[in-house]
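The values are calculated or read from the model by the stated rules, or taken from the named source; none is laboratory data. Note that the structure is a prediction, hence the values are computed from the model and not measured. Surface areas here come from the heavy atoms of the whole protein model, side chains and all, with no ligands, DNA or RNA. Shrake-Rupley method; radii C 1.70, N 1.55, O 1.52, S 1.80 Å.
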Amino acid sequence: MLRNHVQKKYKDIPVAEWDRYVAPVAGTLLEKLPFLGTILGFALGLFFIVALFLYNYIFLAS
């Protein structure tokens, strides 16, 4: 019942109004996506290096 109500409300919104509200938010998120990907890749790379050192210290150091 709630799903049908929400679908009806979405269908009732005119395209111009939808673009006016959604496009600025989606545009800013899509512009920041490459930067966020770069930060995530850098953080995962650092995590991998730390994990290698920990693995070496725990399992290989005798």
Kirkwood hydrodynamic radius, computed over distinct alpha-carbon pairs, for the chain: how many Å, to one decimal?
16.1
Largest first, what is the accessible-area ranking of 49, 58 with a 1.4 Å probe?
58, 49
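Using a 1.4 Å probe on the protein heavy atoms, what percent of the accessible area of the chain belongs to carbon and sulfur?
On the way: 4530 of 6150 Å².
Reported share for carbon and sulfur atoms: 74 percent.
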Per residue, how much accessible surface does the chain expose to a 1.4 Å probe? Answer in Å², no decimals.
99
